[in-house]
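Q: Following this message is one structure expressed as structure tokens.
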Amino acid sequence: MAAVSTRGTVDTKHKLYSRYKETYDMIEACIEGEQAVKSANQRWLPVPNPHEWESTDKVVWQAARRRYNGYKGRARFLNATGRTLNGMLGIVFGEPVNITLSGALAVLAKDADGKGQPLTQFLRDTTAEVLKSGRGYIMADYTGNGEVTEETQGDPVLRLFYGSQIINWRTTNGKDTLIVLEYVEDIEDDTGFINQERTVWLELRMIGGTAHIRKWTQDSGAKSVLGGATTVSELVQILDENGQPMDEFPGAWIGSVNNDAYPDPAPLGDIASINIGHYQADADVVEAARIVGQPTLVIAGLTQSWADKFLKTGVTVGATTGILLNEKATAQILQAAETNASTNLKEQRAKEMAMLGAKLLERGTAAKTATQADYEAQTDNSILSLCAGNVERAVNKALQMLARMVGGAGTVGINQRYDMSAIDANLLTALMAQVQGGALTLHDYIRYQQKIGLVSQEKTPEQIEDDLRNQAPLPGMTGLNVEQTDSTDTSTTDEVVE
């Protein structure tokens with residue numbers, strides 16, 4: 001049994017972990033949907049009558065809970081966060097992923113994580129996690145259980161750890177020296193039917209310039225991480241293909257901004273926050289409609305004697321006969337206005353969610369250096385493309401680490417250019433008319449078509465102009481003669497080619 005450090009335990013959380021954990025939980029619940037959000041109760045839907053909720057009177061206390069259950073049950077959660085995530089993944093993976101694997105890494109194509117998940121799906125899940133939490137860690141392994149030693153070598157796998165599973169880390173002089181990963185796994189029971197779980201921690205630690213790993217397990221029911229139900233493996237070195245100790249951890253950080261240990265902002269965080277606010281506003285709107293939404297008849301100016309004489313049986317609303325009133329009395333229907341503060345707030349938050357979703361796809365407009373402009377000729381610079389690019393680089397690094405341990409080679413390429421411009425046929429027609437009228441050059445028209453993805457960007461506008469001049473006209477079609485004249489030539493050379 002390994003010696004236990006007195007300076008904290010393996011489940012000690014990094015000081016930044018708690019700052020981001022609430023956001024991770026909120027985003028994950030929003031993506032799971034209404035059931036997950038509502039099961040959190042007051043965490044994301046505060047009690048409207050806290051004085052009654054905290055009452056020591058049992059009758060008042062029970063009534064408050066019944067009202068809250070109705071208040072929560074009538075509210076609806078519009079899962080804009082989950083839909084945004086699915087839409088973004090559809091954009092990224094709308095184009096096929098380029099995968100090249102050889103040697104020992106070839107098995108990853110059909111089983112990347114040791115559980116039968118192909119590498120394409122692993123890339124999709126990894127991208128989803130970066131969009132959700134803004135960070136992750138890919139561990140290169142060849143046993144599937146965290147004990148990366150030469151004696152237990154098996155098929156190579158890539159293991160994705162979510163932002164919420166990375167509980168502790170340390171970087172010294174720019175190099176990772178400690179990473180603690182926490183997750184839950186099922187306990188195998190050959191005879192029983194009750195599902196049981198245990199918590200597992202993987203401790204990656206640099207000692208003497210070489211990477212080591214240790215596995216901690218805590219069975220369900222253990223009161224402490226150091227309790228009797230906790231087992232700790234020996235701290236062992238991580239070896240490469242030749243049996244030599246590795247000088248860095250076999251894995252790669254992923255972030256929404258940078259691929260390093262420092263947590264990055266969660267791209268879907270703002271949308272999830274407004275999504276929760278929209279849910280809360282909906283609860284208030286529905287509750288207000290239930291309380292004051294029904295029409296109420298109000299009669300004013302009646303005398304007691306008149307009511308006793310003519311309205312002995314009360315007033316029937318919607319009757320075929322009228323209500324007999326004296327000359328000073330009035331009757332009117334009171335009903336809550338269709339538009340109120342809660343309704344406006346709900347509509348505003350719906351618009352904000354749509355706006356933020358578009359911002360994740362929007363390209364930056366700041367001034368760029370020549371190097372940045374050259375890079376953006378090949379990739380987009382939206383938040384979505386940055387995340388996809390970071391995933392690509394992290395997975396390629398993890399594949400390199402895995403190749404060092406088991407041999408082989410592998411690379412992946414993910415589409416990072418997304419043009420969301422809609423093709424407006426009327427605008428194209430108007431622009432072509434300007435070209436024909438001399439108000440717009442054909443060169444600029446072609447550049448616009450390249451921008452919206454209508455024309456390939458692999459060629460220059462000049463090359464496309466040459467192609468247009470030299471192509472044969474289609475049968476039965478007319479086209480624009482794109483031969484340009486010298487600006488000093490006053491003769492007209494416009495000609496329709498049949």
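Q: Largest first, what is the accessible-area ranking of R65, R214, R198 with a 1.4 Å probe?
A: On the way: R65 55, R214 30, R198 75 Å².
Most to least solvent-accessible, the answer reads R198, R65, R214.
Q: In what order, largest first, do V200, V232 sit by accessible area if the probe radius is 1.4 Å?
A: Values: V200 0, V232 25 Å².
Correct descending sequence by accessible area is V232, V200.
Q: Could you tell me how far the Cα centroid of segment 382-398 sits from the Cα centroid of segment 16-82, in Å?
A: 35 Å
Q: Which order do the peptides 266-273, 433-440 take when ranked by the mean count of other beta-carbon atoms within 10 Å per residue, highest first? It would help to have the intermediate numbers written out before the result.
A: Details: 266-273: 24.4, 433-440: 11.9.
So the order, starting with the most tightly packed, is 266-273, 433-440.
Q: Each label point is 7 Å from the Cα along the Cα-to-Cβ direction; what then is the distance between the points at R83 and D467, in nm?
A: Those two pseudo-labels are separated by 3.8 nm.
Q: If you count only protein heavy atoms and use a 1.4 Å probe, how large is the accessible surface of L468, to the nearest 10 Å²?
A: Rounded to the nearest 10, that gives 70 Å².
Q: For segment 229-283, what is the charge dipole size about the Cα centre, in debye to the nearest 20, if Lys and Arg each add +1 at the Cβ and Asp and Glu each add -1 at the Cβ? Present the calculation step by step, with values, prior to reporting the outcome.
A: Details: 0 positive and 9 negative charges, 56 e Å.
Using only the charged Cβ atoms, the result is roughly 280 debye.
Q: Another question about this same structure. Using the Cβ atoms and a cut-off under 13 Å, what net charge is assigned to the surroundings of V257, where Lys and Arg are +1 and Asp and Glu are -1? Let's see the in-between values first.
A: Working: positive: R135, R393; negative: D260, D264.
Residues near V257 contribute 0 overall.
Q: On to the next question. What figure, in Å² to the nearest 10, do you get for the accessible area of M26 with a 1.4 Å probe and non-protein molecules left out?
A: The accessible area comes out at roughly 30 Å².
The values are calculated or read from the model by the stated rules, or taken from the named source; none is laboratory data. Since the model is a prediction, treat every value here as computed from it, not as a measurement. Glycine also receives a Cβ, built like all others from the backbone with ideal geometry; neighbour counts cover every protein chain displayed. Accessible surface is based on the protein model in full, side chains and every heavy atom, while ligands, DNA and RNA are left aside. Shrake-Rupley method; radii C 1.70, N 1.55, O 1.52, S 1.80 Å.
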